[in-house]
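The structure appears below as structure tokens.
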Amino acid sequence: MDAEGGIHDNGRMIFNLDYRRMLLLTEGHLGVFSSKTAVSVLRYRPDDVVGILDSAHAGKPLGEIVPGVKDVPIVGSVADAAALRPDAILVGIAPTGGALPPVMRQHLVDGLRRGLSIISGLHTLLKEDAGLAGLAREHGAQLHDLRDFAHITRIGRGLARGTRARRVLLVGTDCNVGKMVTALELRNAARAAGVDAAFVATGQTGIMIEGWGIAIDHVLSDFVAGAVEMLVERAADRPLMFIEGQGSLEHPAYSGVTLSLLHGSCPDAMVMVHRPSREHHNSWPDCPIAPVEQQIDLYERMLAPLHPGKVVAIAVNTAGMEPADADAAVAELGARTGLPAADPIRHGVGKLWEAVRMHVGV
């Protein structure tokens, strides 16, 4: 393991985060939508969170701000968190531009002086901050920059096809539609059914939740498929894995990483994630989102030269819709595609899991 906490294999790295007493830093941004990273970790890795670091909300009940998550204390400083015995601070926001807000830097300084390691998914790398890097060395702490993967140099060769594990990739009609959440819910359903399924994290929040992975959107373009193969190999001894999707094949900005993920994982099955209320990529009026049927065909045809994977179900993100409208949208998508469809949050993933199980044979 190196100074940033990764495991090297001939110059390649998969981050490994074995912390069990994390303090989530949201300073002034705590909320369901304003601190999505922290909220996701609270929902899917609750046993490893001991508190929230946010002076603007210190002392308030967490449930009044973020309903439905584990109730942990909100503290105003690292010193106030001492009784919680944290072993790391996790930066729990994803600000526009990806830079560390100045108000948060002092919390990181205080944490490093107490020997706490820092976990960050920001675009700005903490290791390039001389002050923070010096404090980490001085106090035996680690800086985990989860987007630091420029040194991966593995070329993809379709090797995922040879793994024992059946591979299920979450794909989408757009970015930020719920691929990670759907993958986690399906993994949980598989485990509840007695199947030893893995969740393969390909983004910084997924890594924070699962404790290992690669943020593939920061790998150099020639090596993204190879990085995905590395992740598949990491979970290859399991009978089933759910691979977190990124972007969309027809997204004008993010199609490259999506295609590399598709070819690097060579999935046996895909679950399409769609948000009916969204009509344009990034609200760009000249970039409409293509119909779901067209995108299903596109994913299957782009994969076909390497592997005969199929889209087997539709996960429908109906956030913000009235119940009757949500149910109608799900029914309409199911009828149009001829595939099982459900909102993983409103309806659960029972239909989706059954479709996956039947297709991959677990």
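Taken together, the values in this text are just the output of simple stated rules run on the coordinates, not laboratory data. Because the structure is a prediction, the values reported are computed rather than measured. Neighbour counts are summed over all protein chains in view; Cβ atoms, including those assigned to glycine, are modelled from backbone coordinates with ideal geometry.
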At R0 = 35 Å, FRET efficiency that the Cβ-Cβ distance of Ala130 and Asp237 yields, to 0.05: 0.25
With +1 at each Lys and Arg Cβ and -1 at each Asp and Glu Cβ, the charge dipole magnitude of the stretch 159-360 around its Cα centre, to the nearest 20 debye, comes out at 640
Pairs to check: Lys36/Lys70; Lys60/Lys127; Lys179/Lys351; Lys310/Lys351. Give those whose C-alpha atoms are more than 22 Å from each other in this structure. Lys60/Lys127
Equivalent ellipsoid semi-axes for the chain, as square roots of 5 times the alpha carbon gyration tensor eigenvalues: give them largest first, rounded to whole Å. 34, 24, 18
Please work out the Kirkwood hydrodynamic radius for the stretch 174-245, using every pair of different C-alpha atoms, and report it in angstroms with one decimal place. 12.5
What is the mean projected area of the alpha carbon convex hull for the stretch 187-293, to one decimal in square nanometres? 7.8
Taking 1 over the mean of 1/r across every pair of different Cα atoms in the stretch 210-362, what Kirkwood radius in Å do you get? 16.6
Looking at the P(r) of the stretch 291-362, how many percent of alpha-carbon pairs lie beyond 13 Å? 67
Over all distinct Cα pairs, what is the inverse of the mean 1/r for the stretch 213-253, reported as the Kirkwood hydrodynamic radius in Å? 11.6
Which cross-chain or sequence-distant (5 or more) residues have an amide H under 5 Å from the amide H of Leu25, H modelled 1.01 Å from N in plane? Leu53, Leu90, Val91, Gly92
Calculate the radius of gyration of the Cα atoms of the stretch 244-333 to one decimal place, then report Dmax, the largest Cα-Cα distance, as a whole number, both in Å. 13.8, 41
Pairwise label distance in nanometres, Ala290 with Arg105, each label 7 Å out on the Cα-Cβ vector: 4.5
For a footprinting-style exposure proxy, rank Glu27, Glu332 by other Cβ within 10 Å, fewest first. Glu332, Glu27
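Could you work out Rg/(2.2 N^0.38 Å) for the stretch 78-188, with Rg from alpha carbons only?
Expressed relative to 2.2 N^0.38 Å, the Cα Rg reads 1.39.
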Please arrange Asp145, Asp47 by counting, for each residue, the other beta carbons lying within 10 Å of its beta carbon, fewest first. Asp47, Asp145
For the stretch 48-158, what is the percent of antiparallel DSSP beta bridges, rounded to the nearest 5? 0
Only bridges whose two residues both fall in the chain count here: according to DSSP, what percent of them are antiparallel, nearest 5? 15
Under unit Cβ charges (Lys, Arg +1; Asp, Glu -1), what dipole magnitude, rounded to 20 debye, does the stretch 6-145 have relative to its Cα centre? 100
About the Cα centre, charge dipole magnitude for the chain (Lys/Arg +1, Asp/Glu -1 at Cβ), debye: 720
Once the dipole of the stretch 196-292 is set up from charges on Cβ (+1 Lys and Arg, -1 Asp and Glu), the residue from the list Phe223, Leu259, Asn282 lying farthest towards its positive end is Asn282
With the Cα gyration tensor of the stretch 144-193 in hand, convert its eigenvalues to equivalent ellipsoid semi-axes via √(5λ) and list them largest first in whole Å. 24, 19, 13
Label Asp87 and Ser283 with points 7 Å out from Cα along Cα→Cβ: what is the distance between them in nm? 4.2
Sorted by Cβ density within 10 Å, fewest first, the residues Tyr19, Tyr299: Tyr19, Tyr299
If you take the Cα atoms of the stretch 6-145, find Rg, then find the Kirkwood Rh from the mean of 1/r over all pairs, what is Rg/Rh? 0.95
